[in-house]
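Working notes, beginning with the structure itself.
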Amino acid sequence: MANGDITKLEEYDRIEVHATWDIQVRKATKIMEENSDGSLTELSRAFHRHVLQPFTSSVDADGDWTHAATDISGEATSVQAIANAAWTDAVKNAYKAMREAQGE
């Protein structure tokens, strides 16, 4: 970068596990400008948030449940690592049981 250059930086600054299986993800997008001494000044910052759960669950007319595993392959490596650690078989089974107990 050269003095006055503008660049966009993205970082996952919060990845939190809530309610045993909800993974809350916050990505910060920062617009930075390089100063004459090579340091960076932040011009703006915006956030995008989303929540991941181990499955998308649905029930059909006969009352049969389907639990489709959440595809996390498009998530950042750090998010994938936390999801893989948090979503143990016991947690996945508890999530399915909770969804089925809620009904539709």
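Summary table
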{"read-out": "Lone qualifier among ALA85, ALA81, ALA76, ALA61 - being in contact with a strand residue (DSSP E or B) (Cβ under 7 Å, 6 or more places away or on another chain) and either of a type outside the set (Ser, Thr, Tyr) or without any contact (Cβ under 8 Å) to a residue 60 or more places away in the chain (or both)", "value": "ALA76"}
{"read-out": "Qualifying residue in region 77-88 (condition: surrounded by 10 or more Cβ atoms within 10 Å (Cβ to Cβ) and in contact with a Pro (Cβ under 7 Å, 6 or more places away or on another chain))", "value": "yes"}
{"read-out": "Count of residues meeting criterion [under 13 Å from GLN24 (Cα atoms) and either of a type in the set (A, V, I, L, M, F, W, C) or part of a loop (DSSP other than H, G, I, E, B) (or both)] in region 77-102", "value": "4"}
{"read-out": "Enumerated strands (runs of 3 or more DSSP E) restricted to region 1-71, each holding at least 3 residues that are among the β-branched types (Val, Ile, Thr)", "value": "6-18, 22-34"}
{"read-out": "Pick from region 66-76, criterion surrounded by 12 or more Cβ atoms within 10 Å (Cβ to Cβ) and aliphatic (A, V, I, L, M), ranking: farthest from GLY103 (Cα to Cα)", "value": "ALA76"}
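Read the figures in this text as sums done on the coordinates, not as results from a lab. A quick note: this is a predicted structure, and the numbers were derived from the prediction, not measured. Backbone-built Cβ (ideal geometry, glycine too); neighbour counts: all protein chains shown.
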